[in-house]
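The values are calculated or read from the model by the stated rules, or taken from the named source; none is laboratory data. The shown structure was predicted, so the numbers you read here are calculated from the model rather than taken from an experiment. Positions of Cβ are backbone-derived with ideal geometry, glycine not excepted, and every protein chain shown enters the neighbour counts. Accessible surface is based on the protein model in full, side chains and every heavy atom, while ligands, DNA and RNA are left aside. Shrake-Rupley method; radii C 1.70, N 1.55, O 1.52, S 1.80 Å.
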Amino acid sequence: MKLRLGMIGGGEGAFIGAVHRIAARIDDEYELVCGAFSSDPEKSKRNGAALGLSASRVYNSYKELIQTEKQLPEDVRVQVISIVTPNHVHFEPTKMALENGFHVILDKPMTFSLAEAKELEKTVKSCGKLFCLTHTYTGYPMVKEARQIVKSGKLGKIRKIYVEYPQGWLNEFLEGGDNKQAEWRTDPHRSGIAGCMGDIGTHAFNLSEYVTGLHVTEVCADINIFVEGRKLDDDGAVLLKYNNGASGVLTASQIAAGEENNVKIRVYGEKGGLEWQQDIANTLLIKWADKPAEIHRTGAGYVSSFASHNSRTPGGHPEGYLEAFANLYRNFALTIKAGMEGKVASPEELDFPGIEDGVRGMAFIENVIASGKSDIKWIKFEI
């Protein structure tokens, strides 16, 4: 049985909408049945037609979609709504969808502000519906393996975390032209108070907390705007303190000329460390203080149930960004289906980002920007 999926946003010129649709299709857990793909009704209709949807289920707005779908018979109406709009159009459609009985998958960062995130958290906890936030990099099998190794205690108490996300795509003033992605991601009215730190810094932050199981308690940030005329940060570095006393360094930049999206994390404990990076995503390097390093690979028989559950191909066959994204969609679908059947989802199925990750991500943005503007620098991580 496929879950009936609807989409808000993701129309013409929207990179991430197509990624969500591909991710939803990889495991055949969803069928796209409706959408409101653009604030422009004509564009929404064109997108719906191109996707093969019935014209009667291509809507002019997210409000029309939610209100109309709610009135349809239970065995016809949409069950899960994927929201892939710019940041400033995250909160209202998500809240409305949840309150009207639909499960929601939402692109990150979760909302426009921390205040909205907290309000959304209340809605999720009270509505009885499930919520998934697409922090893609936690979907990689070897990232899940890294989390399980840290959790097992094999590395000892965690002392140091390095996480970085370098990009170079905003090395020039692209928002001054016709680049739709650059235009809204650098606009404080649509993106929020952060640019680079909101767009990719939140990914690095989430990855560090996911792999280590720790929570950031203090931050000290250096936030920069290098490209002349830009309104939001395009580069930054953050010193971090974690709740077990560990120290961390997070760097994120969108003006690192020549870089693509090589997200990387290194974690060091008392007995050893680990290293993972996206451009060799099937590999997890484990380093020991008293013996040779180990190379763990996706698809191998020795990996944890969490890594194997999120792998589709035999060892040696690369699984990448789209598959990692699909793992979030699949685990969310399996959790929904378990609930529909009166069952409890397995820990592996429940392993997807949720509302707490979203709130902490928005807190990261606001705390880091506050620290970057402050002369005090070190500030407590407030939620």
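Here are a few things to note about the model shown:
- For segment 257-313, the tally of residues that are in contact with a Ser or Thr (Cβ under 7 Å, 6 or more places away or on another chain) and either among the basic types (Lys, Arg) or closer than 22 Å to Phe205 by Cβ (or both) stands at 3.
- Within segment 356-383, considering residues that are among the aliphatic types (A, V, I, L, M) and in contact with a Leu (Cβ under 7 Å, 6 or more places away or on another chain), the one surrounded by the most Cβ atoms within 10 Å (Cβ to Cβ): Met362
- Matching strands (runs of 3 or more DSSP E) fully within segment 204-289 where at least 1 residues are open to solvent by 20 Å² or more (accessible area, probe 1.4 Å) and either without any contact (Cβ under 8 Å) to a residue 40 or more places away in the chain or aliphatic (A, V, I, L, M) (or both): 216-224, 235-242, 247-253, 272-277, 283-288
- Beta carbons closer than 6 Å, at least 6 apart along the sequence or on distinct chains, never pair a first residue in segment 24-37 that is within 14 Å of Asn327 (Cβ to Cβ) with a second that is open to solvent by 40 Å² or more (accessible area, probe 1.4 Å) and of a type in the set (Asp, Glu).
Results for (1) within 23 Å of Gly320 (Cβ to Cβ); (2) modelled with pLDDT of 95 or more; (3) open to solvent by less than 10 Å² (accessible area, probe 1.4 Å), shown as yes or no for each residue.
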{"site": "Ile81", "(1), (2), (3)": "no, yes, yes"}
{"site": "Lys95", "(1), (2), (3)": "no, yes, no"}
{"site": "Glu119", "(1), (2), (3)": "no, yes, no"}
{"site": "Tyr140", "(1), (2), (3)": "yes, yes, yes"}
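- Residue count for segment 1-38, restricted to those that are under 14 Å from Ile105 (Cα atoms) and polar (S, T, N, Q): 0.
- Pairs with Cβ under 6 Å, 6+ apart, first in segment 346-360 and under 16 Å from Val143 (Cβ atoms), second open to solvent by 50 Å² or more (accessible area, probe 1.4 Å): Glu348/Ser305
- Residue within segment 187-197 that is open to solvent by 10 Å² or more (accessible area, probe 1.4 Å) and touching a Phe, Trp or Tyr at 6+ places or on another chain (Cβ under 6 Å) present: yes
- When residues of segment 158-191 are limited to those that are among the basic types (Lys, Arg) and touching a strand residue (DSSP E or B) at 6+ places or on another chain (Cβ under 6 Å), the one farthest from Thr85 (Cα to Cα): Arg159
- The set of residues from segment 62-79 being of a type in the set (Asp, Glu) and open to solvent by less than 10 Å² (accessible area, probe 1.4 Å) comprises just one member, Glu69.
- Any hit, segment 265-276, residues being acidic (Asp, Glu) and over 18 Å from Val359 (Cα atoms): yes
- Test for Glu116: is it within 20 Å of Ile383 (Cα to Cα) and of a type in the set (Asp, Glu): yes
- Pair list, Cβ < 6 Å and 6+ apart or interchain, from segment 39-51 residues that are under 17 Å from Thr85 (Cβ atoms) to residues that are open to solvent by 70 Å² or more (accessible area, probe 1.4 Å) and at pLDDT below 95: Lys43/Glu12
- Selection within segment 97-117 - open to solvent by 10 Å² or more (accessible area, probe 1.4 Å), within 19 Å of Asp357 (Cα to Cα) and out of contact with any Gly (no Cβ under 6 Å at 6 or more places or on another chain): His103, Asp107, Lys108, Ser113, Leu114, Ala115, Glu116
- Any chance Asp351 is open to solvent by less than 40 Å² (accessible area, probe 1.4 Å) and under 20 Å from Thr212 (Cβ atoms): yes
- Residue list for segment 37-53, restricted to those being acidic (Asp, Glu) and not in a loop (DSSP other than H, G, I, E, B): Glu42
- Pairs, first over 15 Å from Ser38 (Cβ atoms) in segment 1-23, second open to solvent by 40 Å² or more (accessible area, probe 1.4 Å) and hydroxyl-bearing (Ser, Thr, Tyr), C-beta under 9 Å, six or more apart: Val19/Tyr321
Each row is one residue, and each column tells you yes or no for (1) at pLDDT below 95; (2) touching a Ser or Thr at 6+ places or on another chain (Cβ under 8 Å); (3) open to solvent by 40 Å² or more (accessible area, probe 1.4 Å).
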{"position": "Met7", "(1), (2), (3)": "no, yes, no"}
{"position": "Gly11", "(1), (2), (3)": "yes, yes, no"}
{"position": "Asp27", "(1), (2), (3)": "no, no, yes"}
{"position": "Tyr30", "(1), (2), (3)": "no, no, no"}
{"position": "Phe37", "(1), (2), (3)": "no, yes, no"}
{"position": "Leu53", "(1), (2), (3)": "no, no, no"}
{"position": "Asn60", "(1), (2), (3)": "no, yes, yes"}
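- Residue in segment 293-304 that is open to solvent by less than 50 Å² (accessible area, probe 1.4 Å), part of a strand (DSSP E or B) and not aromatic (Phe, Trp, Tyr) present: yes
- Checked against (1) at pLDDT 95 or above; (2) open to solvent by 20 Å² or more (accessible area, probe 1.4 Å); (3) over 14 Å from Glu145 (Cα atoms); (4) hydroxyl-bearing (Ser, Thr, Tyr), Tyr329 meets all criteria but (2).
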